[in-house]
Amino acid sequence: MTKKDINRLSSFHNTCLRKIMKIFWPNKISNKDLYEMTSTNDMETLLIQERCRWLGHVIRKPSDDMTKVALRWTPEGKRKKGRPKTTWRRTIENELKKRGYTWGTVERKANNREEWRKLVIALCAIRHCKV
């Protein structure tokens, strides 16, 4: 997803939350206060959390499962000239790298569900604080 797509989703998410909470135009409230009132996070944090949760499921699957095979699959041949296409794995690897985790660490932690849950919560807590 591009930054523009995330901004659109985030805007829609905030609009829906404001309608649910019956906060209309003359009343102004910051997004941070809105998230606290609704006990939610911003859209970018929610997307990261869901990506990580799905990654944990895929890593724990048997090695012959189609989703696990697709996670490691690299197509043969050359790509067209220009910027390489962003894949789901590259996206999640970049997010984890920003947080200081390697792919090996992630695979090891994902096999233990409790450790994985703690890691996902920690990733989102870090993201929410904008560190």
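The values are calculated or read from the model by the stated rules, or taken from the named source; none is laboratory data. Just so we're clear, the structure is a prediction, and the values are computed from it rather than from any experiment. Note: ideal-geometry Cβ built from the backbone for every residue, glycine included; neighbour counts use all protein chains shown. Just the protein is used for accessible areas: all its heavy atoms, side chains included, with ligands, DNA and RNA removed. Shrake-Rupley method; radii C 1.70, N 1.55, O 1.52, S 1.80 Å.
Data for the structure
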item: Matching residues in segment 81-91 - criterion: being open to solvent by less than 90 Å² (accessible area, probe 1.4 Å) and not in a loop (DSSP other than H, G, I, E, B); result: Arg89, Thr91
item: Sole residue being at pLDDT 90 or above and open to solvent by 60 Å² or more (accessible area, probe 1.4 Å), chosen from Ile121, Ile20; result: Ile20
item: Where Lys78 falls short, out of the listed (1) closer than 21 Å to Asp5 by Cβ; (2) exposed (fewer than 10 other Cβ atoms within 10 Å of the Cβ); result: (1)
item: Residues located in segment 37-71, provided they are in contact (Cβ under 8 Å) with a residue 12 or more places away in the chain and either open to solvent by 80 Å² or more (accessible area, probe 1.4 Å) or acidic (Asp, Glu) (or both); result: Met37, Asp42, Glu44, Arg53
item: Test: residue in segment 92-100 that is within 30 Å of Glu114 (Cα to Cα), within 17 Å of the chain's Cα centre (by Cα), modelled with pLDDT under 90 and not in a helix (DSSP H, G or I); result: yes
item: Matching residues in segment 23-36 - criterion: being part of a helix (DSSP H, G or I) and either closer than 29 Å to Thr87 by Cβ or open to solvent by 40 Å² or more (accessible area, probe 1.4 Å) (or both); result: Asn31, Lys32, Asp33, Glu36
item: Residue count, segment 101-115 (criterion: out of contact with any helix residue (DSSP H, G or I) (no Cβ under 7 Å at 6 or more places or on another chain), outside any helix (DSSP H, G or I) and polar (S, T, N, Q)); result: 2
